[in-house]
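Enquirer: Quick one: structure below, then a few questions.
The values are calculated or read from the model by the stated rules, or taken from the named source; none is laboratory data. Everything numeric in this text was worked out from a predicted model, so none of it was measured. All Cβ positions, even for glycine, are placed from backbone atoms using ideal geometry, and neighbour counts span all protein chains on display. Heavy atoms of the whole protein, side chains included, go into the accessibility calculation; ligands, DNA and RNA do not. Shrake-Rupley method; radii C 1.70, N 1.55, O 1.52, S 1.80 Å.
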Amino acid sequence: MFAKAFRVKSKTAIKGSDRRKLRADAAAAFPAIRTDQVSELVPGKEEINLVKLYAHRGDAVTVYMSGSNPILFELEKNLYPTVYTLWSYPDLLPTFTTWPLVLEKMVGGADLMLPGLVVPPAGLPQVQKGDLCAIALVGSRAPVAIGIASMSTVEMLASGLKGRGFSVLHTYQDHLWRSGDKSSPPSIAPLTLDPPDLSEETGSIQADCTLLGGMRQLTLEGMEEENGEFHQICGEKPLSQASEEPSVSIQTPNPTDSGTLQEQMDELLKRCFLHALKCRVKKADLPLLTSTFLGSQMFSCCPEGQLLDIKKSSYKKLSKFLQQMQQEQIIQVKELSKGVESIVAVDWKHPRITSFVIPEPSPTSQTVQEGSREQPYHPPDIKSLYCVPASMTLLFQESGHKKGNFLQGSEVRTVVIDYIKKNDLVDADNKNLVKLDPILCDCILEKNEQHTVMKLPWDHLLTRCLEKMQPAYQVTFPRQEPILKKGKICPIDITLAQRASNKKVTVVRNLEVYGLDPCSVAAILQQRCQASTTVTPAPGTKDSLQVQIQGNQVHHLGWLLLEEYHLPRKYIQGLEKAPKPGKKK
């Protein structure tokens, strides 16, 4: 739910009566919590803020903040704890365990599939379908996620631990967690429990999985390896084959076999290289900075669900890889200025390029993308509007508009034209002129013009009306209600700054206005630019963030914002600061 940035609607401090109601709701929602713990969770004196927000899919969520951390959130009248709360009260919910490699999938928006569960010697917690549960990682009781059980424990075991286990609502490292102090999970030792009474209803089924898991240590040694795939100790199939549904199953080479990882990364590197040359680079783009080629062209050709990382390849550096490609006579690389390399020529008739087949995404990868990855960014629809000021109320009231109403430019023109015709203000001798009555005079004339200007041409009058009105705008994000605001929309601002040691940094502000998460943008740029990035509060603002990237990375930013996010150029300022080919950043 919080895998992608959310939009805050309002933030207010709760009153005493609301505080008491929240305590009662928490006690009812979490039967395991004690009265003294409820008072600790919802303190009587510390400030608690109520934040209303919209998740990226449009869900209306209420979040309760205590200090700097979110402690509870409410969705469709149901109250849920955050991971910050569960770290203080780890026994608040029944807790299931999974592997550390599964966490990053859940952070990306995936649900938890049953093959990803770890069955401890004491057996699985007893829950019913629809129960709220916590999810922890092996070796610690500190929850890293919460979710709704898709079936009861009996049904989970009867299925052989196959299928969807939990609909994940919130995780450590998601955007709700980021709204707090971003602390890491504490170290909480797992409980030592006696094995369950196998005479209970689930005894025989539970025993099968418990005995199969035996008393193995809850580490990656608890997964059996075969042909480079990890098998769950209670599952019949590799996790990667457990279900065709979007899942958090693991399919990865043996981490100890670095040769296999290198070979796969080498193959991915070559694939992205050829794909970029065949589809993204044109002769007019040359000479092309090698860093730009990597960040803007090669990374965008990386298949969904895979991560291109040159440092994990056998080449280690981009320059070494491009030297190899030059030896194969696919490209020609030159150092046009000291320390800065550019691709100056490409042999598009080379057999490696002509024979390269552009891959199509498979139905399976599309399904995984839809279910377990964040939805692709779609730019908002932005409209310039005008707000009726108090000084022009008389002009607009006949058409039913009041002070503060928002109108499009065409609507303003229609109102003014109708007013002029209704009041017979068109000059009889010259139809191109409009006579100014007292209302029009007060609306559009300056004080020194009140007694000297009696008529105006149509275009001048309409222009003056628009200039006298308050600027406003409407922003509409996909599947969300339009947002109306007064003033002019702030463009995404890209600037260059000089830091210590005479180093340049690129700073970008106002990303949130366009629905972009600064932390996500920083992560993308860090990977593409191969440069350090930081996210800090923007000076002079209350809750806006800025992204800072080492070096002049305006070209990478421009490509990301214009070509991938498809934002109109008029809403971005500073693109002209991009380095010219052949000049050192």
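Enquirer: Please give the per residue accessible area of region 89-144, computed with a probe of 1.4 Å over protein heavy atoms only, in Å².
Expert: Numbers: 1670 Å² over 56 residues.
On a per-residue basis, 30 Å².
Enquirer: Once you place label points 7 Å from the Cα toward the Cβ at Val357 and Asp427, how far apart are they in nm?
Expert: The answer from the label model is 7.5 nm.
Enquirer: With θ set to phi - 60°, apply the Karplus curve 6.51 cos²θ - 1.76 cosθ + 1.60 along region 36-53 and write out the HN-Hα couplings as whole Hz, x wherever there is a Gly or Pro.
Expert: For region 36-53, the Karplus curve yields 5, 6, 4, 5, 6, 5, 10, x, x, 10, 5, 5, 10, 9, 9, 10, 9, 9 Hz.
Enquirer: Based on the mean of other Cβ atoms within 10 Å per residue, sort peptides 181-188, 529-536 so the most packed one is first.
Expert: Details: 181-188: 12.4, 529-536: 17.1.
So the order, starting with the most tightly packed, is 529-536, 181-188.
Enquirer: Would you mind telling me the share, in percent, of accessible area of region 1-106 contributed by carbon and sulfur at probe 1.4 angstrom? Don't skip to the end; give the middle numbers.
Expert: Values: 2460 of 5150 Å².
Ligands and nucleic acids excluded, carbon and sulfur give 48 percent.
Enquirer: Going down the list Lys283/Lys334; Lys52/Lys402; Lys468/Lys570, which pairs span over 18 Å between their C-alpha atoms? Walk me through the intermediate numbers first.
Expert: Values: Lys283/Lys334 16 Å; Lys52/Lys402 29 Å; Lys468/Lys570 23 Å.
Flagged as over cut-off: Lys52/Lys402; Lys468/Lys570.
Enquirer: A further question on this structure: Ignoring ligands, DNA and RNA, what percent of the accessible area of region 463-536 is carbon or sulfur (1.4 Å)? Present the calculation step by step, with values, prior to reporting the outcome.
Expert: Values: 1880 of 3660 Å².
For region 463-536, the apolar C and S fraction of the accessible surface comes to 51 percent.
Enquirer: Give me the number: length gained by fully extending Lys182 to Lys485, i.e. 0.36 nm times residue separation minus the C-alpha to C-alpha distance, one decimal in nm. Mind dumping the intermediate values first?
Expert: Values: separation 303, 0.36 × 303 = 109.08 nm, distance 3.10 nm.
Gain on stretching Lys182 to Lys485: 106.0 nm.
Enquirer: Under a crude label model (7 Å from the Cα following the beta-carbon direction), how far is Gln264 from Val344 in nanometres?
Expert: Going from the Gln264 label point to the Val344 one covers 3.9 nm.
Enquirer: Could you give me the ³J(HN,Hα) list for region 439-448, computed from phi with Karplus coefficients 6.51, -1.76, 1.60 and θ = phi - 60°, whole Hz, x at Gly and Pro?
Expert: Those phi angles translate into 5, 5, 4, 5, 6, 10, 9, 6, 4, 6 Hz.
Enquirer: Starting with the highest mean, order 468-476, 138-146, 418-426 by the number of other Cβ atoms within 10 Å, averaged over the residues of each peptide.
Expert: Final packing ranking: 138-146, 468-476, 418-426.
Enquirer: Could you please state, rounded to a whole Å, how far the C-alpha centre of region 119-173 is from the C-alpha centre of region 410-437?
Expert: With region 119-173 and region 410-437 each reduced to a Cα centre, they are spaced 70 Å.
Enquirer: How much length is gained on full extension from Lys9 to Asp459, taking 0.36 nm per residue of separation minus their Cα-Cα distance? Display every interim value, and only then the final one.
Expert: Working: separation 450, 0.36 × 450 = 162.00 nm, distance 3.95 nm.
Going from the current span to full extension adds 158.0 nm.
Enquirer: Need one number: nm distance between label points at Gln306 and Ala29, each 7 Å from Cα along Cα→Cβ, rounded to one decimal.
Expert: Once both label points are built, they end up 4.2 nm from each other.
Enquirer: Using mean Cβ contacts within 10 Å as the protection proxy, how do 118-129, 24-35, 544-555 order, highest first? Mind dumping the intermediate values first?
Expert: Working: 118-129: 18.7, 24-35: 14.2, 544-555: 21.2.
Taking the mean over residues of other Cβ atoms within 10 Å, the ranking is 544-555, 118-129, 24-35.
Enquirer: Could you compute how much accessible surface Trp348 exposes when probed at 1.4 Å, giving the result in Å² to the nearest 10?
Expert: Accessible area of Trp348: about 80 Å².
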